[in-house]
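Nothing in this text is a laboratory measurement; each read-out follows from the coordinates by a stated rule. Being a predicted model, the structure only gives us computed values, none of them experimental. Every residue, glycine as well, gets a Cβ built from its backbone with ideal geometry; the counts of neighbours run over all protein chains shown.
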Amino acid sequence: MASVYLGLGSNLENPFFQLQSAVAQIEALPDTTLVGCSQFYGSKPLGPNDQPDFINAVCHVETQLSPQALLSALQKIEIEQGRIKKRHWGERLIDLDILLYADEIIRTADLTIPHAEIALRDFVLIPLAEISPGQTIPGLGCVETLISNLETSYLKPLD
Ligand code: ROI
């Protein structure tokens, strides 16, 4: 079993509902147990700011799926839910990323784990720290240290 953290994001067509649906689909993945999910957070878009705010969350799963099999399963969820991507760094209906896969560092054509921009993204680090305090990010250090290095954070937990 590998301990895996997934990032979820949406800013189109009722993002709260999109994240809830994605969590339900993640829970239903084969050979996978959903261990926990952070709160849902409202976040300012990274990228063009003429787009709606995002809702972001991080889920913790334990899985027997390989990184590649998990990636394929997540892409299938994205496609079934409606993978709308309007432009580079723009609006998206649902985005599911593998942030961490055990303590592995993976660099292949279609997988970069830890996620390439994990250290710069408040909407990933803050929900991750919520559900896994003291989490080490391979090659980058401790999640709380990375958070303290962020310049600004616009994250707002939703009630
Ligand atoms: N911005 C925020 N706040 N949250 C995201 O999930 C997100 N995802 C993206 C881009 C467009 C880079 N910006 C984001 O892919």
Note: Gln68 to Lys44 extended length (0.36 nm per residue) minus current alpha-carbon separation gives 5.6 nm
Descending packing, highest mean Cβ count within 10 Å first, for 24-30, 66-72, 121-127 is 121-127, 66-72, 24-30
In the neighbourhood of Asn149 defined by beta carbon distances under 14 Å, the net charge of the other residues (Lys, Arg +1; Asp, Glu -1) is -3
Filtered hits (aspartates and glutamates, Cα-Cα < 12 Å from Lys156, offset >= 8 within chain) -> Asp53, Asp122
Along the stretch 37-53, Karplus-curve 3J(HN,Hα) (6.51, -1.76, 1.60; θ = phi - 60°) to the nearest Hz, with x for Gly and Pro, reads 9, 5, 4, 8, 10, x, 9, 6, x, 8, x, x, 8, 8, 9, x, 4
Within the stretch 70-114, DSSP-loop GluC sites (Glu not before Pro) with at most 14 other C-beta atoms within 10 Å are Glu104
Ordered by number, the chymotrypsin sites (Phe, Trp or Tyr not before Pro) in the stretch 35-93 that occupy a DSSP loop and have at most 16 other Cβ atoms within 10 Å are Trp89
For Lys76, the aspartates and glutamates lying under 18 Å Cα to Cα, once residues fewer than eight places off in the same chain are dropped, come out as Glu27, Asp31, Asp95, Asp97, Asp110
In whole angstrom, the spacing between the Cα centers of the stretch 72-123 and the stretch 1-53 equals 10 Å
Note: probe point = Cα of Leu158 + 7 Å toward Cβ; backbone nitrogen < 15 Å; residues of the stretch 1-36 passing the test are 8-24
Note on the chain: C-alpha Rg/Rh, Kirkwood Rh, two decimals, gives 0.93
